[in-house]
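Let me begin by presenting the structure, written as structure tokens, before commenting on it.
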Amino acid sequence: MMEKIVLKNIIKSFGTGEKKVHALQGINLSIEDGEMVAVMGKSGSGKSTLLNVLGGLIQADKGTYLFENKQINNLNQKQLSTFRSGNIGFILQYYALLDDRTVFKNIALPLKYGKNKKRDITAKTEKLLKKMEIYDKRNNYPCELSGGQCQRTAIARALANDPEVILADEPTGSLDSGTETMIMELFKQMNRDGKTIIIVTHDESVAKYCDRIITIKDGIVQ
Ligand code: ADP
Ligand code: MG
């Protein structure tokens, strides 16, 4: 098995002086290609910060981040954004959909930043709408959707650039248990399709879908 992601002694703090928060205090972990992993830990333990470092949304202060053996920790902002759009699908807490755009436009958004032709954007977006079973909602706005439909829109958007790695922060946090099962089955399917998946969750029933649980406490892997 190939190591997809390796973190060595990753440190990240926020703020300065008395207000300084040590969010990640030396994270070491490796994730293999094709794994589906849950990250668990109490609120404030550093889970979202870890996910943001993995996704290249923020840079660590210190330490080494290897993605497919390439160093990410030395990339500048522009290189980081290229890394993100080429490799990472992000599913943020509370969906983070754009309220003033239709489901179709939300999903098509990441494709517009690439070099895709309009015709290809339409074709790819329609395929994702069908895959996530929200084709009939394509012209609706997020406020007109159920929680499960919002999450399927967010997942479709994360899949738009066909990333190798999917990162999800509490993806079932605001869903009822029936919808949670449906969303977790979708993650499992994406994992069978070859995606490496990392899910931050509080929920034991979500963690059960994963191959492995990484527990973090006070910014350290237990
Ligand atoms: P979790 O997702 O496990 O609840 P976080 O990674 O969000 O934890 O936060 C870890 C710690 O870092 C918390 O004490 C939090 O308040 C702090 N933190 C996170 N992001 C920021 C930020 N942008 N600015 C200041 N403090 C932050
Ligand atoms: Mg969090």
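The values are calculated or read from the model by the stated rules, or taken from the named source; none is laboratory data. Treat the numbers as computed from the prediction; the structure is a model and nothing was measured. Positions of Cβ are generated from backbone atoms using ideal geometry, with glycine treated the same way; all protein chains shown enter the neighbour counts. These area figures cover heavy atoms from the full protein model, side chains too; ligands, DNA and RNA do not enter into them. Shrake-Rupley method; radii C 1.70, N 1.55, O 1.52, S 1.80 Å.
Key figures
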read-out	value
Net charge, Arg101 excluded, C-beta distance under 14 Å - Lys, Arg +1, Asp, Glu -1	+2
FRET efficiency for Gln79 and Arg119, using Cβ-Cβ distance with R0 set to 30 Å, rounded to 0.05	0.50
For the stretch 75-117: rounded, prolate or oblate by the Cα gyration tensor [a/c cutoff 1.5]	oblate
Phi to ³J(HN,Hα) by Karplus 6.51 cos²θ - 1.76 cosθ + 1.60 over the stretch 172-177, Hz, x for Gly, Pro	10, x, 10, 10, 6, 5
Relative contact order (percent, whole number), the chain, Cα cutoff 8 Å, 6+ residue spacing	31
Portion, in percent, of the accessible area of the stretch 47-178 that falls on carbon or sulfur, probe 1.4 Å	46
Local net charge near Gly219, Cβ-Cβ under 14 Å (Lys/Arg +1, Asp/Glu -1)	+4
Estimated translational D of the chain in µm²/s (Stokes, Kirkwood radius over Cα pairs; 4 °C; 1.567 mPa s)	72
Local electrostatic count at Ala60 - Lys and Arg +1, Asp and Glu -1, tallied over other residues with Cβ under 13 Å	+2
Most to least packed among 16-26, 39-49 [average Cβ atoms within 10 Å]	39-49, 16-26
Viscosity 1.002 mPa s, 20 °C: Kirkwood-radius Stokes-Einstein D of the stretch 58-190 over Cα pairs, µm²/s	136
Residues of the stretch 1-153: accessible area per residue with a 1.4 Å probe, Å²	56
Computed [θ] at 222 nm, deg cm²/dmol, the chain (DSSP H ≥ 4; -39,500 (n - 2.57); rounded to nearest 500)	-10500 deg cm²/dmol
